Structure formats: C-alpha cells, structure tokens
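What follows is a short report on a single structure.
The values are calculated or read from the model by the stated rules, or taken from the named source; none is laboratory data. Source: prediction; values computed, not measured. Note that we place each Cβ from the backbone using ideal geometry, even for glycine, and neighbour counts take in every protein chain shown.
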Amino acid sequence: MTDLTELTAVQLVDGYRKGAFSPVEATRAALARAERIQPEVNAFVRLTGEEALDQAARAEERWRRGEPGGLLDGVPVTVKDILLTRGHPTLRGSRAVSPDGP
C-alpha cells in the first residue's frame, strides 16, 4: 500500500473520492509518523490524536455520503502553536505560558 504520509493533499482527496483509502487511514498514518519522528525532530508541542481521529471519522462519513465538507475535508494538517485554536492553549513555544491555560 502507498505511504499515505507521502501523498499531496490533492492525491489524498482523490483517493477519498475513489474510495481507495479514507481520512481515518490517512490520519492514523500521519499520527504514527509524527509519533515516530517526534523524539528526533521535536516538532510538536502537542499531538491531539484522539481528536484528530474523531474529526477524520466524521470526514470519512461525509465522503461516504458523497458530501465532503470542503475541498480538503479529511486531509491531516498540523497547526503552528502560535495560532489561536479553540479548546487548546497557545503556548507560543514558551515554557512561561501554562499549558493548562486558555
């Protein structure tokens, strides 16, 4: 099988449309790769795997119905920690900001 983490967003969406693979499979692959490389590259402040898989499952259902929620529905992404995200603290790469904060 193709390494889903090596595909472009266009290729992922094409695969979802054709039923070759799903957003859940792509998200699992992305999370596995992130966890595998994290000790070496320290690229992630926080991985929200459970939340990502939940969103991927909802995207997968929309694709099954032929009603994707947008052009990139189900494509795994990372969000830089400097951007505000609802439900998660924005640490801005600083240990002075509490991860328990708003």
Just checking: which of the helices (runs of 4 or more DSSP H) contained wholly in the chain hold 2 or more residues that are surrounded by fewer than 11 Cβ atoms within 10 Å (Cβ to Cβ)? 23-41, 49-65
State which residue pairs qualify: first residue closer than 22 Å to ALA30 by Cα and inside the range 77-100, second residue surrounded by 10 or more Cβ atoms within 10 Å (Cβ to Cβ) and aromatic (Phe, Trp, Tyr) in any location, beta carbons under 9 Å apart, and separation of 6 or more residues or different chains. THR78/PHE44; ASP81/PHE44
Condition first: in contact with an Asp or Glu (Cβ under 7 Å, 6 or more places away or on another chain), closer than 14 Å to PRO76 by Cα and either of a type in the set (Val, Ile, Thr) or modelled with pLDDT of 95 or more (or both). Can you find one or more residues in the range 39-57 that meet it? no
Do we find that LEU31 is over 14 Å from LEU7 (Cα atoms), hydrophobic (A, V, I, L, M, F, W, C), out of contact with any Asp or Glu (no Cβ under 6 Å at 6 or more places or on another chain) and modelled with pLDDT under 95 in this structure? no
Please tell me if GLU35 is closer than 24 Å to PRO89 by Cα and either within 14 Å of the chain's Cα centre (by Cα) or basic (Lys, Arg) (or both). yes
